[in-house]
1. Return the FRET efficiency for the residue pair L93, Q311: r is the Cβ-Cβ distance, R0 is 60 Å, and the value is rounded to the nearest 0.05.
2. With unit charges on the beta carbon (Lys/Arg positive, Asp/Glu negative), name the residue among A571, Q526, T147 whose Cα is farthest towards the positive pole of the charge dipole of the chain.
3. Any of K12/K414; K327/K426; K12/K202; K51/K390; K35/K170 with alpha carbons more than 31 Å apart? Name them for me.
4. Once you sort the root eigenvalues of the Cα gyration tensor of the range 139-255 as a ≥ b ≥ c, which label holds: rounded (a/c under 1.5), prolate (a/b larger than b/c) or oblate (the other case)?
5. Each residue of the range 184-194 in order: what ³J(HN,Hα) in whole Hz does its phi give by Karplus 6.51 cos²θ - 1.76 cosθ + 1.60, θ = phi - 60°, with x for Gly and Pro?
6. Ranked highest first by the average count of other Cβ atoms within 10 Å around their residues, in what order do 150-161, 99-110 fall?
7. Give the angle, between 0 and 90 degrees and rounded to the nearest 10, that separates the Cα long axis of helix 162-175 from the longest principal axis of the Cα atoms of the chain.
8. Could you give each residue of the range 402-411 its phi-based ³J(HN,Hα) in whole Hz, using Karplus coefficients 6.51, -1.76, 1.60 with θ = phi - 60°, and x for Gly or Pro?
Amino acid sequence: MSDIKIAVACHKPSILPKNKLFLPVQVGSKLAKTKLEGMEHDDTGDNISAKNPEYCELTAQYWLWKNVKADYYGLCHYRRFLAFKNPGAKRDLRNQIQATIPDQFNFDRFGLEDEDYMQKEIEKYDLIIGDAQSVPKLYTPRGIQFTAYQHWAQHDRALIMKKDLDQMLKTLSQVSPKIGRAAREYLNTKEFLGFNCFIAKKDLFNELCEIEFETLSRLEKEVDLSNYHQQLTRIYGFMAEIISSSYFYYIEKSGKYKVKHIPLVYFNYTDPLQIEDKKGYVPVIFNQADNNPTLFAPIWQSFLDNINPAQKYNVFLIADLSKELEKTYQEMNTNKNVCLNVVAAKMLRDMIDERCSDRMSAIIKRKKVKHPFDKLPTVPVLPILPLLFKDINRAIVFDENIIIESDPVELWQKYGQTSNLVAAAKNVATISKVNDIYPETLELHLKKQLKNPLLFFGIAAFVWNMEKYRKKYSCKDIVKYYFWRGKTDELRHKEEMLNVLCEDDIEWIDQKWNVWFDSNAELERQLPYAPFSLYKELQKAQSAPAVICYVDDDPFGFEYNRIYADFWKYARKTPLYENLQTFQMRFAIKNQNPKKPVVAKLFPVDGRARGKMTKLLPPGSRRNEAAKKALGKLGLR
């Protein structure tokens, strides 16, 4: 059996496949502030570690060449690997496969932990390299090009200097005339290999390294980096891509060796996920994936103001935050007993997209929703969370558009060990619509999904038995529930989706954890239609709410009410107060010249005409949505 060593160039902690053929190497170790654990370091033995800023992943290749004995050598990156399985997966313009995170799903999908299979495949060939990219499909700052040389030359002053490329080709011809000739021939084609990812037999690897590092060493004497910007200083990493590609082109064209092309898989999110169940900490998840992340500020402040400072909380925020905004939220938390972890919502959406069929994927990508201030994807990430939070068995979950008025530890102490899928309160706002005088508003829609829509729970605040949920549903099972209409491919709302998935397995909690106020005309009319016993529970809870729910615009109107008062009470304490005031200004501008409610006048809510229109155009139907669009274009709604 051949000894195979594939260096994985790493410069930060990353999720890597568990496979003895891979040899993780920290590049630039000599310059790093900290040494990464569980891997080799390129500053031991014979090395060029200090040249990492200019040589990039080549410092790992050099270290492997000089310090490791093997029959086969290879190089890949912490986020880019040769995919030995599933070559038919969808490619991007660079002809590589885009994947979300390097998790078990993707390791199995691309065979990255199938050591035996990789061993057998590698031993069949002298050289394994990635699939070539089609140059005319690739971007350059100066437009589309048609040869590999033109492609690089048109990145002059962006990635490389054209004069350095020409000097490298001249130097390469001096070091190895045969590879120099091959390079000029190769650069005149419409294909490009690149990325410095390969696996080669020992003799080929040694020859490549001798030519490559000798050429780069001589080139260093010809190039002055003193006035180069950061990207240009990575010159030798880029030049090595051209040299190695030229060498592989020569080897393949010679016909003397067995060469195999397989695709490269590129992982977009490689940082280790900081999702662990800390003993003694209450796990709390804030889902802000479907909302503007700035609007989390008052929620976060209300949480911090109402918790017991002695209680430990392990908090996970699902949102897409800029580095500055994440820093701001971390700085707002002065309690050492509260740990805030941020999980990117886009990563979760990409995971859902990745696990859907092509048809579903296309639908998910084009579905958009109009929020008061931003357009955000409607794809619910909440239902798939337990599959990602594998170490969390139960957690308190808070959704968007809420104000927290009580310490969540009370919820945890009572329901933290629930044996049901969820412990939640009824959503009075939704149930009142089901019980409305015009039940077509929601009942017909929900009856197609739920046995009893009057038992619809709210997700403003609930305890989730994630362990039981994982045992009951696989990823494929959950993805099926994203769509409820089959042929029309209509996406379910996240709250509806969870109600469908958790129906008949709910532990009911005090209504104070899901409190609605008649903060706008719609709720004022709607809430009294809830079953009377539930409406009385709501009225009682309104006197001492633990979690207040509101709709998007409520805090940004100008009528003073409970929502307005509590929202701005907390918003005023945050560093984002001025940003939130900007939202209020936008709301004012949006409502300064409201559209004439022609439809409302012609079809009053309590009129006979509205009832007929409801039957003809049931809310939620395709006909209803089409009518809304048509009326909107005419300026009638």
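1. Working: r = 50 Å, r/R0 = 0.84.
Once the sixth-power term is evaluated, E becomes 0.75.
2. Selected residue: Q526.
3. K12/K414; K327/K426; K51/K390; K35/K170, as the Cα separations exceed 31 Å there.
4. Since a/c reaches 1.5 but b/c is at least a/b, the shape of the range 139-255 is classed as oblate.
5. Values, residue by residue: 5, 5, 5, 5, 8, 8, 8, 10, 9, 8, x Hz.
6. Answer by packing, highest mean first, reads 99-110, 150-161.
7. Helix 162-175 and the main axis of the chain meet at about 40 degrees.
8. Going residue by residue, I get 9, 10, 8, 10, 8, 6, x, 4, 4, 5 Hz, with x marking Gly and Pro.
Read-outs throughout are calculated quantities, based only on the coordinates presented, and are distinct from any laboratory measurement. Because the structure is a prediction, the values reported are computed rather than measured. Because the Cβ atoms are built from the backbone with ideal geometry, glycine has one as well, and the counts that use them run over all protein chains shown.
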